[in-house]
Amino acid sequence: MDALMYLTKRTFSNRLRKAMKKPLTYIYIVLIGAYIVMILVGWGILARSGGVDSVNSLVYILTVWLYIAVCSNFISYAKLKGVIFKPSHSHYIFPAPVSPKKILLYGAAKNFIINLVIDVAIALAGVTIFHLSVWRAFLLYFVMFVCETVFEASLIIFLYAKEKRFEPLVKIICKSIYVLIGVIAVIVLLFIKKNGFSAAAAEGIFNLPALQLVPVAGWCVASVRLVILGPETVNVIGSVLFFLSCAGMFFAAFRMKCSGAYYEDAAKFADDYAEMKSRSKKGEVVLSVGRKKKFKKAGMHYQGSGAKAIFYRQLLEYKKEKFFIFGAMTLYSIIGAAICVFVIDTPEKIPPGLSLLGVMAYLIFLTTGYLGKWNKELANPYIYLIPDKPMKKLWYATAMEHVKSLADGIVLAVPVGIAWHIPVYQIIMCILIYCVLQANRLYIKILGESILGSTLGSTGKNLFAMAVQGGILGAGIGLAALMGFLINYNFVFPIMLIYSMMITVLIALLTVGRFETMEQWD
């Protein structure tokens with residue numbers, strides 16, 4: 001264990017020293033700190049304006065979070081893909097004379113640190129936003145981090161140890177998680193069938209006693225409800241079962257023998273994970289590790305010549321995709337729409353149309369670093385060899401992305417607009433503004449590449465893009481708000497649309513010359 005601690009400290013120390021020698025590190029620290037403060041303040045304002053700043057709302061949010069976190073972690077650990085090692089670990093750490101259990105916990109330490117940060121943030125948000133008392137926030141942290149980490153660490157050892165006498169039980173446990181997810185889905189569907197689909201019904205789902213008695217995830221939710229809302233028969237029973245399961249899993253993991261039989265699977269996953277990281281840096285969205293992507297059969301009748309060929313080739317690629325043009329941004333839009341419809345009530349202090357526009361602008365800002373196939377498209381040398389005007393090549397290379405943005409904007413804006421009773425013209429304006437700002441995000445990528453080159457790396461370029469996009473959004477929102485305040489708030493939408501189009505065209509014109517010479521940047 002001393003060797004692992006030395007390796008950890010030395011790795012961290014070397015990275016810290018290297019980072020502290022770069023002036024940009026301090027800029028990153030200031031920007032990240034300011035962003036965190038902005039997030040907390042923004043969520044606090046959103047919670048108060050939407051009427052979700054009560055302890056009941058905190059319980060509902062944590063119910064969703066715990067079910068997602070526990071179930072996803074359980075599935076990843078069951079598939080031996082929850083603990084991430086590097087390829088170097090298979091050469092230096094696995095052969096070392098260190099207990100396999102300690103190596104497992106060392107590999108899972110990153111997961112525990114992430115849980116620590118999230119649970120501290122939840123406790124602070126509970127006090128500052130949701131009016132939770134300090135001692136209840138401390139108990140919430142104890143349940144969500146200390147107890148859950150003990151259970152998670154013990155579960156990792158239990159599933160990875162591969163002790164023969166427990167193999168049948170491990171298989172049963174691994175399959176049971178899918179059964180539990182099915183049971184939860186059935187409970188929710190039956191409740192919706194009986195009570196309808198509305199905000200009140202959604203609140204009733206969170207209060208179902210059955211959801212507090214689902215093994216592990218439900219028991220953890222029961223413990224959280226006990227801490228936040230006080231004792232009830234169901235949450236007391238669930239809490240007792242949760243603490244007993246933590247103690248039982250810890251005892252089982254402590255007594256189990258671990259010979260290191262998981263090394264081979266861990267080494268294979270380390271290679272697959274390293275490949276996935278490499279593909280992610282190139283702009284690809286990899287949803288699964290170690291699984292080859294499958295494509296559908298598709299054909300294409302090409303029309304036109306020159307730069308138009310780029311558009312038809314991209315259309316052919318998307319026709320081969322399982323979900324056509326719907327991808328990660330579509331999923332984010334669905335999640336955002338679900339939160340606005342079922343969690344946040346119709347805003348009263350801020351006009352609903354402006355609130356929707358703010359949500360869409362915030363989503364664009366959060367996903368500035370996500371570029372989908374656009375990043376991959378920039379690496380295709382044939383684009384620069386096509387004998388056509390740079391402006392045409394830039395347009396046709398991004399045309400499919402504009403179509404995707406239109407679809408994603410509709411997915412987000414239409415359900416929220418209907419639920420919040422927003423006028424049709426404002427919904428249309430929001431969708432158009434969303435498409436224009438998404439196009440602006442693509443062109444900023446080229447501008448950042450041309451200005452920064454390889455001086456800041458991918459993180460620096462993403463921060464640059466976020467700063468530019470944030471500045472554009474801030475200036476546009478400020479101008480629109482001023483005109484809306486002085487004249488009428490309905491002017492916000494056309495002003496924001498015209499402003500966004502002007503800025504996008506300007507950035508596109510700035511990037512045309514650079515786009516023509518991008519093949520020389522490598």
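Given H placed on each backbone N at 1.01 Å, which residues far from residue 262 in sequence or on other chains put an amide H within less than 5 Å of it?
Answer set, sorted by chain and number: none.
If I model a spin label at residue 261 and residue 275 as a point 7 Å from the Cα along the Cα→Cβ vector, what separation in nanometres do I get?
That separation, rounded to one decimal, is 2.6 nm.
Would you mind calculating the gained length between residue 317 and residue 392 on full extension (0.36 nm times residue separation, minus the Cα-Cα distance), in nm to one decimal?
Stretched fully, the residue 317-residue 392 segment lengthens by 25.0 nm.
Figure the gain on full extension for residue 186 and residue 142 (residue separation times 0.36 nm, minus the Cα-Cα span) and round it to one decimal in nm.
Extending this stretch completely gives an extra 12.7 nm.
Once you put a point 7 Å from the Cα of residue 509 and another 7 Å from the Cα of residue 210, both along the Cβ direction, what distance in nm separates them?
The two pseudo-label positions are separated by 6.2 nm.
Please give the length that would be gained between residue 64 and residue 247 if that part of the chain were fully extended, namely 0.36 nm times their separation in residues minus their C-alpha to C-alpha distance (nm, one decimal).
63.4 nm
Considering only Cα-Cα distances, which of the following residue pairs are longer than 29 Å: 101/171; 9/171; 322/389; 18/79; 110/322; 404/445?
9/171; 322/389; 18/79; 110/322
A short reminder: the numbers here are calculations on the coordinates, not readings from a lab. Computed from a predicted model, the values in this text were never measured in an experiment. Virtual Cβ from ideal backbone geometry, glycine too; neighbours counted across all protein chains shown.
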